[in-house]
Structures are given as C-alpha cells and as structure tokens.
Amino acid sequence: MPSLREYNERLASMASMGRVTGTMKLVAGSHLHRVQSELSRPEGFARDLFALAAVATQPRFAGHRLLQPPPERDSRILLVLMSADRGLCGGFNTAVVRAAKEFHAKHAARAAKIDHLYVGQKAYNALRGEFPRAVKVLPASSHPDVKASDRVAKFVMRLFHWRFYDEIWLISNHFVNSMTNDCRTERLLPDAHPPVPKVQAEPMPLPELIEPNDGRLLENITYLWIQLSIYYAMLHSATGELAARVMAMDNSTMNLNAMIKELKTQRNRARQAAITNELTEIVSGADALN
C-alpha cells in the first residue's frame, strides 16, 4: 500500500492536471464562440453564387472537362484531408483518418494513384506511414480566412487544369453541434456543385449578354465554388475541433475529479489503518510492561 506521502504527491499532481484541463477548456471555449459566429459569414456570397448554378447546365459547356465524369479505371485522385494541428480533442482527428482509410479501400481498385494534400498536421502524422504520397502539408488555423482557402483552391484547380489529377476529393469534419461532428467525404472536381446556403436562392435568369465561349466563364465560376467549399470546410473543421476540445477537456476534468475523490478515500483509509496500527502497538507495549 502506498504511503501517505505518495498519496499526497499523487493528489497534488492530479490537482495540477485539473487546473491545466480547466484552463484549456476555457481557452477553447472562448475561441469556439468567435469561430461559431464566423460560420455564417459567407452565407450572403453563397446565396449569390448559388444563383449562378444555371451557368453549368448550358449546352455549350456540356463537353467541358470540368463537367465530365471521371474515368472508371486508372483514375488519378487527389484527396484533401482536413484535420487539426493539435490533439486533445477526442475523436475529431480519428474520424478523418478513418474516413481516409475507408476511401482508399473503396477506390483503390479503380484508381491508378491516390495522393494526399493535408490541411492539418495530425492526419499527416497518422497516415504518412501507411500512405506516404503527400503532395503538401499545410497548417490548420483556428480562425480560417479567405486567403487560406484561396491558396488551397488555386493549388487544386491548377493541378486539375494541368491534368495531374482526374479527381479532387475532400474529407473534413462538419460541425453539427457542440457534441457532434459529421465527417463528410465529397468530390470537388469534376462536376463541382456550389455549397447550398441555408436560405436557398432561386437561380437567376441568365441575361442575354456577350459571354466568352471558350470555357473561361465556367472555369471562373467553378473556381469560386471550390474556393467557397474549402472555406466552408475550414470553418466547420475549426469549429468542430474547438467544440471537441471543450468536450474532451470537460470530460477529463470530470474524470480527474472522480479520481481525486477516490484517491482521497484511499488516503483516508490508509491514514486510519496507520493510526489503528500505531494504537495497537501502543496498547500491546503497555500490556507487555504490565
């Protein structure tokens, strides 16, 4: 049985860990409130962009590569994986890693190669041993901005335009509520679709104007769809990470408090046993003297 000193040292260590987890919960909670307010920021632009969805259905663009289905065999796939740069957020990163492995199991038979583009270090650390083909590893921000999504969108659009890849896919966590994240797998290219806003806008009638017939109109609109999709994914990933960290730190603090309570009970029992043992020795000694 541990000594009283060992019990006290363990209790002090657990109390220190409880202060750390409590502080991390408060910090993540403060960031969470801010990033939750940012989730609705692109909705106005998304409604306006959604109204231009009819452009992609025009017959003159029917043969464009951006709208053609991917090859059924020997397809070259770029998989964009969004995770966190840090841990201590429950199963947030594990969901992305599991979805990536399921994607490989599902598409490996028809794919010539599957490369990864990582936004967030944790997924890269978990998958680099099993799937070493990493095109690039980018940091994940707790407060994403349009510039970060713009860099990723331009990069994947160039790779698709230069025919390095036939398909671009995205795996990321979608924030549902403070306790739930939904890991989603969606194809960005080809046949991209704009993110559907909460309040849908009716597609606007296309004006009879002189428009380019060489596909530049479709390419620019598709780029905006991709950029907006990635921006949405970054916002939801950051929000889901912070919400998962708040829950994980709250659960850790509760578990620590339960362990501290149990350890205090064990310490009190050990102290009472030591006192009883000392009293027994005193009484035995007194009886021996008599």
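Could you say whether any residue in the stretch 253-264 is without any contact (Cβ under 8 Å) to a residue 12 or more places away in the chain, closer than 30 Å to residue 10 by Cβ, hydroxyl-bearing (Ser, Thr, Tyr) and in a helix (DSSP H, G or I)? Reasoning before the result, please.
Filtering the stretch 253-264 down to residues without any contact (Cβ under 8 Å) to a residue 12 or more places away in the chain leaves 254-255, 258, 261-262.
The next check asks that each one be closer than 30 Å to residue 10 by Cβ; those that pass are 254-255, 258, 261-262.
From what's left, hydroxyl-bearing (Ser, Thr, Tyr): none.
No, the stretch 253-264 has no match at all.
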Of everything in the stretch 12-26 that's within 20 Å of residue 245 (Cβ to Cβ) and not aliphatic (A, V, I, L, M), which residue is nearest to the chain's Cα centre (by Cα)?
25
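Out of 185, 180, I need the residue that is closer than 23 Å to residue 40 by Cα and modelled with pLDDT under 90. Which one?
Working: 185 fails: modelled with pLDDT under 90.
The unique qualifying residue is 180.
Is at least one residue of the stretch 199-217 in a helix (DSSP H, G or I), out of contact with any strand residue (DSSP E or B) (no Cβ under 9 Å at 6 or more places or on another chain) and modelled with pLDDT of 85 or more? Show your work before the answer.
First, the residues of the stretch 199-217 that are in a helix (DSSP H, G or I): 216-217.
Keeping just the survivors that are out of contact with any strand residue (DSSP E or B) (no Cβ under 9 Å at 6 or more places or on another chain) gives 216-217.
Now restrict to residues that are modelled with pLDDT of 85 or more: none.
Taking every residue of the stretch 199-217 in turn, none turns out to be in a helix (DSSP H, G or I), out of contact with any strand residue (DSSP E or B) (no Cβ under 9 Å at 6 or more places or on another chain) and modelled with pLDDT of 85 or more.
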Scan the stretch 117-134 residue by residue and report those that are touching a strand residue (DSSP E or B) at 6+ places or on another chain (Cβ under 9 Å), farther than 12 Å from residue 84 by Cβ and modelled with pLDDT of 90 or more.
117, 127, 128, 131
Since residue 45 meets every condition but one in (1) closer than 18 Å to residue 234 by Cα; (2) assigned to a strand (DSSP E or B); (3) hydrophobic (A, V, I, L, M, F, W, C), which condition does it not meet?
(2)
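Answer yes if at least one residue in the stretch 174-189 is touching an Asp or Glu at 6+ places or on another chain (Cβ under 6 Å) and crowded, with 20+ Cβ neighbours inside 10 Å, and no otherwise. Step through it out loud before you land on a result.
Pass one, the stretch 174-189, residues touching an Asp or Glu at 6+ places or on another chain (Cβ under 6 Å): 174, 176.
From the residues that got through so far, the ones that are crowded, with 20+ Cβ neighbours inside 10 Å too are none.
Among the residues of the stretch 174-189, not one is touching an Asp or Glu at 6+ places or on another chain (Cβ under 6 Å) and crowded, with 20+ Cβ neighbours inside 10 Å, which makes the answer no.
Taking the residues in the stretch 3-32 that are closer than 18 Å to residue 269 by Cβ and either of a type in the set (S, T, N, Q) or touching a residue at least 60 places away in the same chain (Cβ under 8 Å) (or both) as candidates, determine which candidate is surrounded by the most Cβ atoms within 10 Å (Cβ to Cβ).
Here is the first cut: in the stretch 3-32, the residues closer than 18 Å to residue 269 by Cβ are 3-11, 14.
Retained after the next criterion (residues that are either of a type in the set (S, T, N, Q) or touching a residue at least 60 places away in the same chain (Cβ under 8 Å) (or both)): 3-4, 7-8, 10-11, 14.
Numbers: 3: 11, 4: 12, 7: 18, 8: 13, 10: 16, 11: 15, 14: 16.
The qualifying residue surrounded by the most Cβ atoms within 10 Å (Cβ to Cβ) is 7.
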Can you run down the residue pairs with Cβ atoms below 8 Å, 6 or more apart or on separate chains, where the first is in the stretch 265-290 and assigned to a helix (DSSP H, G or I) and the partner is at pLDDT 80 or above and among the aromatic types (Phe, Trp, Tyr)?
266/7; 267/7; 270/7
Residues that are surrounded by fewer than 16 Cβ atoms within 10 Å (Cβ to Cβ), farther than 23 Å from residue 176 by Cβ and not polar (S, T, N, Q): does the stretch 38-57 have at least one?
yes
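The values are calculated or read from the model by the stated rules, or taken from the named source; none is laboratory data. Please read all numbers here as calculations on a predicted model, not as lab measurements. Ideal geometry is used to build each Cβ from the backbone, glycine not excepted, and the neighbour counts take in all protein chains shown.
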